[in-house]
Amino acid sequence: MTDATTTPGPADTARSLDWPAIEQRLDAEGFASAGPLLGPDQCRDVVRMFDDDARFRSTVTMARHSFGEGSYRYFANPLPEPVQQLREALYPPLAAIANRWAERLGERRFPTTLDALLDECAELGQHRPTPLVLRYGPGGYNCLHQDVYGDLTFPLQFLIMLSRPDEDFTGGESVFVEQRPRQQSRPMVARPGQGEAIIFPVRHRPKLGTRGYHRVQMRHGVSAVHSGERHVLGIIFHNAR
């Protein structure tokens, strides 16, 4: 039991979220704010990790691959404690949403625990952890993309803004694009505050139309940073090949 004088940890905060409201926003808009999951000190701790090579398995310089401008680093196992706590605590309620989406689209269901999902990933050769930290400087941006790392893709992920908009950086909005069948794509922009989480689809989501639910593709990216440095923690639940 958490003492009344104890600051709730990331896992406690994640479990206390208003999940029905989050699911409603995901269904209506395609992404949802979950409110703050990390405090300022916790955000700064994760930012400092970026320069600690021992914590990461891989570093990507985006310009080399025409992904954008900036860099990101994938954590190695074992994941840092707050990252592991968030990944474990957020997975079960997101799996419940994912399974309701799967029922609407006639797709596969997902296990109810993160360990069971990672076991399935391992059976398909997906062993490498995918949580990551991204850093953008002035002019940095991220092209629209989908985070698919193998045959098994869990359909939801989230980001946590680690920097302070308009203080640590300017510009750098989170961009989501819904590619609607036989219609022009719909752009959406989010500007989370420090510590705030945004939940969004990895690849596609169900959308209710006149003939029932249909699949719409989703992509996400980041608009150009005008000044300063923007740091973000991204948590993806399926592992990579």
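Farthest towards the positive end of the charge dipole of the chain, among the residues Y91, A54, A224, is the Cα of A224, using unit charges on the Cβ of Lys, Arg, Asp and Glu.
Residues in the stretch 1-138 average 52 Å² of solvent-accessible surface per residue, probe 1.4 Å, ligands and nucleic acids excluded.
Note on A63 and E81: their simple-model spin labels are 3.8 nm apart, each label 7 Å out from Cα toward Cβ. Sequence-ordered 3J(HN,Hα) estimates for the stretch 83-96 from the Karplus curve with 6.51, -1.76 and 1.60 and θ = phi - 60° stand at 5, 5, 4, 5, 4, 6, 6, 7, 4, x, x, 6, 5, 4 Hz, glycine and proline given as x. 3J(HN,Hα) along the stretch 138-154: x, x, x, 7, 10, 5, 4, 7, 10, 8, 9, 10, x, 5, 9, 10, 6 Hz, from the Karplus curve 6.51 cos²θ - 1.76 cosθ + 1.60 with θ = phi - 60°, whole Hz, x for Gly and Pro. Of all the options A116, A190, A98, the one that moves most in a Gaussian network model of the chain with Cα springs shorter than 10 angstrom is A116.
With Rg and the Kirkwood Rh both taken from Cα atoms, where does Rg over Rh land for the stretch 130-172? Present the calculation step by step, with values, prior to reporting the outcome.
Working: Rg = 13.2 Å, Rh = 12.9 Å.
Value, to two decimals: 1.02.
Placing unit charges on the Cβ atoms only, positive for Lys and Arg and negative for Asp and Glu, gives the stretch 61-175 a dipole magnitude near 140 debye about its Cα centre.
Residues whose amide H comes within less than 5 Å of that of G68, counting only those at least five positions distant or on another chain, are A63, C143 (H built at 1.01 Å from N in the peptide plane). From the residues H65, A34, I22, which one has its Cα farthest along the dipole of the stretch 1-82 in the positive direction, the dipole being from +1 and -1 charges on Cβ of Lys/Arg and Asp/Glu about the Cα centre? The Cα lying farthest towards the positive end belongs to H65. Prolate is the label for the stretch 104-181. Its Cα gyration tensor axes, ordered a ≥ b ≥ c, give a/c of at least 1.5 and a/b above b/c.
As a calculated quantity, the FRET efficiency between H214 and S185 at R0 = 22 Å, using C-beta atoms, amounts to about 0.90. Net charge of the neighbourhood of G172, taken over other residues with C-beta under 13 Å away and scored Lys/Arg +1, Asp/Glu -1, is -2.
Along the stretch 181-188 the Karplus relation, 6.51 cos²θ - 1.76 cosθ + 1.60 evaluated at θ = phi - 60°, assigns HN-Hα couplings of x, 6, 9, 5, 5, 10, x, 9 Hz to successive residues, with x for each Gly and Pro.
Consider all pairwise Cα distances in the stretch 102-241 and report the whole-number % of them above 22 Å. So the pairs more than 22 Å apart make up 46 percent of the total in the stretch 102-241.
Per the Debye formula with a single identical scatterer at each Cα and no solvent contribution, what log10 I(q)/I(0) holds for the stretch 31-92 at q = 0.13 Å⁻¹? Evaluating at q = 0.13 Å⁻¹ gives log10 I(q)/I(0) of -0.47.
For the stretch 130-241, the Cβ-based charge dipole about the Cα centre amounts to some 720 debye (Lys, Arg positive; Asp, Glu negative; other atoms uncharged). Seen through its C-alpha gyration tensor, with square-root eigenvalues sorted a ≥ b ≥ c, the stretch 147-190 comes out oblate because a/c lies at 1.5 or above while a/b is not bigger than b/c. Using every Cα-Cα pair within the chain, state what percent have a distance larger than 24 Å. Value for the chain: 45 percent of Cα pairs lie more than 24 Å apart. Among P82, P129, P155, the largest mean-square fluctuation in a Gaussian network model of the chain (Cα springs under 10 Å) belongs to P82. Site pair S227 and R44 shows an inter-label distance of 2.2 nm when each label is modelled 7 Å from Cα along Cα→Cβ. Across G68, G212, G195, mean-square fluctuation computed from a Gaussian network of the chain (C-alpha pairs under 10 Å connected) peaks at G212.
Roughly how big is the chain's charge dipole about its Cα centre, with Cβ charges of +1 (Lys, Arg) and -1 (Asp, Glu), in debye to the nearest 20? Mind dumping the intermediate values first?
On the way: 28 positive and 29 negative charges, 230 e Å.
Around 1100 debye, computed over the chain.
Going by a ≥ b ≥ c, the root eigenvalues of the Cα gyration tensor, does the stretch 35-175 fall in the rounded group (a/c under 1.5), the prolate group (a/b larger than b/c) or the oblate group? It comes out prolate by the Cα gyration axes. For the chain, the carbon plus sulfur part of the accessible surface works out to 49%, probe radius 1.4 Å. For V46, neighbours were defined as the other residues whose beta-carbon sits under 15 Å from its Cβ, and their charges (Lys and Arg +1, Asp and Glu -1) total 0.
Database remark: amide H of L156 closer than 5 angstrom to the amide H of V202 (H placed geometrically; neighbours at sequence offset of 5 or more, or on other chains; Pro and chain starts carry no H).
The values are calculated or read from the model by the stated rules, or taken from the named source; none is laboratory data. Quick caveat, the model's predicted, so the values are computed rather than measured. So basically every Cβ, Gly included, is an ideal-geometry build from the backbone, and we count neighbours across all protein chains shown. Keep in mind that these areas ignore ligands, DNA and RNA; they rest on the heavy atoms of the full protein, side chains included. Shrake-Rupley method; radii C 1.70, N 1.55, O 1.52, S 1.80 Å.
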